[in-house]
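Chemist: A single structure is presented below for examination.
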């Protein structure tokens, strides 16, 4: 983020001033200091900390969250963004602010369709987005590769090479963006040709072919691939299946339509003009609640089925609850009152191309939500299946992509000046990643001990007895389709 100077704050700083800003940041937070990790003396117990985060979530869904986090240290890391944000806030920082992703682990990158229908690679999760020091995102990303490589059973040398690749790719990409014009940065994106190049670098012609197959997989994950799994045709009409707890269909009685219609009208107001016109050509068919993610489990997440000109012209939107970013306590309060607007604004600022249906609403009970298309060629790799060479190439893609996001929202010249041309920053991120991965292992052990003692409840998705009727009716005045389990629970 550029700091303007002069009367009326209309004068941009010179390149020399921006470069000097980066060098000055080294005094506040030397690059070698980024390597150091030591827990604060008053560091909160991780089990208590995560439990405190769950107070406003749907209680009956929390065992799913705990189960998904308890698989291994990497899945625990995915669900504990709060813990790392709090830890990063105890360290000196560069003060070189960008629009942070806030949860830039490797599984929050992937392929999706741009508005021109090209498949591109970018960050795809912004629940925690907020302005803050650029290195917060880099630390989150590099540590995720350390943990993923450790979880895959790679050797120590392979783990180090993969972690270094992410940091090095970020630093060298920032250097490239620092030399570009602002429009050139803005139009830059990672498309199919770039992905094929990364694959070729990882494994020659075989890697390039693997990249092409990956893009083909993403292209098949369109609206109809989602519809085939989530919906069924009943009495000639398409509706969501009822498969609690992962997907719970909500009954749309006649008095509910005006409520949903009002919320959709509010949502239309958050869209760009041409998208408002497009949305107006669709009508509501059905609504359901769908459990998503790892860290997000327990927050309300709805799916909405809409129909255009006929039964073959369908659109599925995801409505996901947005709460305050885990970064707020360690950076600054959001400028946005509505947390859904915070997410959408951060996503539009940092992504090379965003979903045309990206918008936000505030529900009847004051809860905030953001809305986007469900799936739309969205795909991320299963990192547990990647060999070392491919995971290293993936680390390079993610590092480059994160740098592009930061160059859009921050000052690439200042960050480049801070990073320098040596490997000092790369090595600092490696050492931090190794040290913090060890901390994650300790936290994971405490978490699984809490599960073993019954302090933290777990269950499998297929056997959890969630009752979403109360959550749905509180937000929209609607009742979920009742299951035998819900009847027994008195829902």
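Chemist: Please order 317, 402, 106 by the number of other Cβ within 10 Å, starting at the fewest.
Modeler: Ascending number of Cβ neighbours within 10 Å: 317, 106, 402.
Chemist: Give, as ranges by residue number, the residues of segment 27-52 whose backbone N falls under 18 Å from the point 7 Å along Cα→Cβ of residue 449.
Modeler: So the set is 39-51.
Chemist: Separate question: Apply the a/c threshold of 1.5 to the C-alpha gyration tensor of segment 34-84 and tell me whether it is rounded, prolate or oblate.
Modeler: oblate
Chemist: Spin-label point model (7 Å from Cα, Cβ direction): what's the residue 421 to residue 182 distance in nm?
Modeler: Taking the two extended label points, one gets 2.8 nm.
Chemist: In what sequence do 32, 459 fall when counting other Cβ within 10 Å, fewest first?
Modeler: Fewest to most other Cβ atoms nearby, the residues stand as 32, 459.
Chemist: Starting with the highest mean, order 86-93, 420-427 by the number of other Cβ atoms within 10 Å, averaged over the residues of each peptide.
Modeler: Most protected by this proxy first, the peptides run 86-93, 420-427.
Chemist: Pop the C-beta distance of residue 224 and residue 365 into the FRET formula with R0 = 41 Å and round what comes out to the nearest 0.05.
Modeler: Efficiency, rounded to the nearest 0.05: 0.75.
Chemist: Next question, about the same structure. Between residue 216 and residue 42, what is the FRET efficiency for a Förster distance of 45 Å, r being their Cβ-Cβ separation, to the nearest 0.05?
Modeler: About 0.30, to the nearest 0.05.
Chemist: Can you sort 187, 418, 447 by how many other beta carbons sit within 10 Å, fewest first?
Modeler: 187, 447, 418
Chemist: Along the Cα-to-C-beta direction of residue 28, a point sits 7 Å from the Cα; which residues of segment 63-107 have their amide N less than 16 Å from that point?
Modeler: 89-100
Chemist: Between residue 313 and residue 281, what length comes free when the chain is fully extended (0.36 nm per residue of separation minus the Cα-Cα distance, one decimal in nm)?
Modeler: 10.5 nm
Chemist: Follow-up. Would you work out if segment 384-466 is rounded, prolate or oblate? Take a ≥ b ≥ c from the square roots of the eigenvalues of the alpha-carbon gyration tensor; rounded if a/c is under 1.5, else prolate when a/b is larger than b/c, oblate otherwise.
Modeler: Taking the square roots of the gyration eigenvalues as a ≥ b ≥ c, segment 384-466 is prolate.
Chemist: Given R₀ = 35 Å, what would the calculated FRET efficiency be for residue 117 paired with residue 384, taking r from the Cβ atoms and rounding to 0.05?
Modeler: Calculated value: 0.70.
Chemist: Stretched out fully, how many nm does the piece from residue 155 to residue 205 gain, at 0.36 nm a residue minus the Cα gap?
Modeler: That works out to 15.5 nm of additional length.
Readers should treat all values here as calculations from the given coordinates under stated rules, not as data from a laboratory. Everything quoted here is computed from the prediction, not taken from an experiment. All Cβ positions, glycine included, derive from the backbone under ideal geometry; neighbour counts span all protein chains shown.
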